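See below for the structure under consideration.
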Amino acid sequence: MKIIHEVAAPFAEHDSYFRDIHLHFDGSGEIIHKARNVLKILSHEDRTYVVKSFKVPDFLRRLIYSSFRPSKANRSFHHSLRLASLGIGVAPPAAYVEHYSGGLLSHSFYISEQCRDVVQIRDVIARPEGDNVEILQAFARFSHGLHQQGIRHLDYSGGNVLLQNRGAQSGFLLVDVNRMQFGPVGFEAGLQNLVRLMKQPESLAIIGAAYAESAGRPPDEGIRLLSSYTERYKKRRGLKKTLKQKAGRR
């Protein structure tokens, strides 16, 4: 087995620990998510990490990730470094590790330092009242700021944006950043990027209005367009679900 890994400078002293992360991952840690990929919390010396073990890809993707495109672990690491360099909050990237068997990618891991004092933005979106209204407005401005910098998170969902509560240092953090696009993002494209977050009509109105105001556009335009894009997204998602169900009954 061939191992390729890269470690961020602030975590260089733990290089050997990261290189052997598969041994630590299999033998210890607390599972915090288990589906297609598995996330665990592991501690080493004075630091605590979130380690993501990516599902072993099928043969075609193994070939693609081995020869033509960076792996998800690689992209998670380098996208996080890039975002941090632009002043965007991310879970501090520590390392990524890739295992190759027969010249093809098999297992891969992405390691970031655990973020403290955080809640998922979905918890705020679910309760658009009181102080949460100002947080949602700030989130809309944060999202517009990302788009102004040419940053589009392609999995911009309620679980992939964290609110870190640290008094004057409070702010938003992006996680699960392996799928990103960098390039110009217009007003309408920016609103379309928000549709996976829209679970509550009240939150949609707050975010749509604040996003439009941040862009120098009328608030009602932001609400109208975001509502339209969200309905379109829900219908498309519903159609996909129906087709999958029909295909499964054949």
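Where a number appears in this text, it was derived from the coordinates with a stated rule and is not lab data. The structure displayed is predicted, hence computed values, not measured ones. Positions of Cβ are backbone-derived with ideal geometry, glycine not excepted, and every protein chain shown enters the neighbour counts.
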- Message: On the principal axes of its Cα set, how long, how wide and how thick is the stretch 2-113? Give whole Å, largest value first.
- Response: 38, 35, 26
- Output the Kirkwood hydrodynamic radius of the chain, Cα pairs only, in Å rounded to one decimal. 19.7 Å
- Candidate lysines for bridging to Lys235, where Cα separation is under 22 Å - those fewer than 8 sequence places away on the same chain excluded: Lys199, Lys244, Lys246
- Normalising by the residue count of the chain, find the relative contact order in percent from Cα pairs under 8 Å and 6+ residues apart. 16 percent
- Query: Rounded to the nearest 0.05, what FRET efficiency is calculated for Gln164 and Lys240 with R0 set to 41 Å and r the Cβ-Cβ distance?
  - Reply: 0.75
- Local electrostatic count at Ala212 - Lys and Arg +1, Asp and Glu -1, tallied over other residues with Cβ under 9 Å: -2
- Note on the structure: Neighbours of Asn178 by Cβ distance under 10 Å: Lys/Arg at +1, Asp/Glu at -1, summed charge +2
- Item | Average projection area in nm² (convex hull over Cα atoms of the stretch 118-238, one quarter of hull surface) | 7.3 nm²
- Query: Amide H of Val185: which non-local residues (sequence gap of 5 or more, or other chain) have their own amide H closer than 5 Å, using H built in the peptide plane?
  - Reply: Gly150
